[in-house]
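The values are calculated or read from the model by the stated rules, or taken from the named source; none is laboratory data. Keep in mind that what you see is a predicted model, and the values were worked out from it rather than measured. FYI the Cβ positions are ideal-geometry reconstructions off the backbone, even for glycines, and counts take in every protein chain you see.
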Amino acid sequence: MVLSLLRPKARLLVLDDDTSMQKLMGTLLRREGHRVDVVSGGNQAIERLDEQEYDALLLDLMTPTEGGMTVIRHLREARPAMLRRVLVVTGSPDAVLRTIEGEVFEVVRKPFTPDELTSAIARLLAANEV
């Protein structure tokens, strides 16, 4: 019984180019019991998606190079159902967010509180029965 309580809840992929944000999200999500992989670019995220199944993706849209939009474009073509498992974590302007409206599960605005992030992940996992 105790072993089932210690089992990680979900496998998550975090894409953010800011190392402090990577560390923050990784720490918060690991404390919740999740297995977390962190990448800094969209192409890295796509490579990971080709190698590993993830229960949810946390994507920053605004990065200096390829970012979350690169991953979203890839998912639109290759794995559209996975878009419902995407949580956008960003400070992007509303105009950018309108381009993905209705496709992704939810948007969490930076800066966020720890509870805002973990609650959004919990909602996403519950909605997708993970």
It is to be established whether one or more residues within the stretch 31-45 are charged (D, E, K, R), buried (at least 19 other Cβ atoms within 10 Å of the Cβ) and within 12 Å of the chain's Cα centre (by Cα). no
Does Gly91 meet the test of being at pLDDT below 95, within 13 Å of Val14 (Cβ to Cβ) and not polar (S, T, N, Q)? no
Which numbered condition Thr90 misses (of (1) over 20 Å from Ser119 (Cα atoms); (2) crowded, with 19+ Cβ neighbours inside 10 Å; (3) without any contact (Cβ under 8 Å) to a residue 40 or more places away in the chain; (4) polar (S, T, N, Q)): (1)
Taking the options Val71, Val104, Val36, name whichever one is part of a strand (DSSP E or B), modelled with pLDDT of 95 or more and closer than 21 Å to Arg11 by Cβ. Val36
Identify the residue in the stretch 42-68 that is in a helix (DSSP H, G or I) and of a type outside the set (A, V, I, L, M) and, among all such residues, is farthest from Val104 (Cα to Cα). Glu51
Looking at (1) out of contact with any helix residue (DSSP H, G or I) (no Cβ under 8 Å at 6 or more places or on another chain); (2) closer than 20 Å to Leu24 by Cα, which is the only condition Tyr54 fails? (1)
For the stretch 27-41, pairs from a residue that is over 16 Å from Asp17 (Cβ atoms) to a residue that is among the basic types (Lys, Arg) and part of a strand (DSSP E or B), with Cβ under 8 Å and 6 or more apart or across chains, are His34/Arg11; Arg35/Arg11
Filter the stretch 110-121 down to residues that are in contact (Cβ under 8 Å) with a residue 12 or more places away in the chain and assigned to a helix (DSSP H, G or I) and give me whichever is farthest from Leu83 (Cα to Cα). Pro114
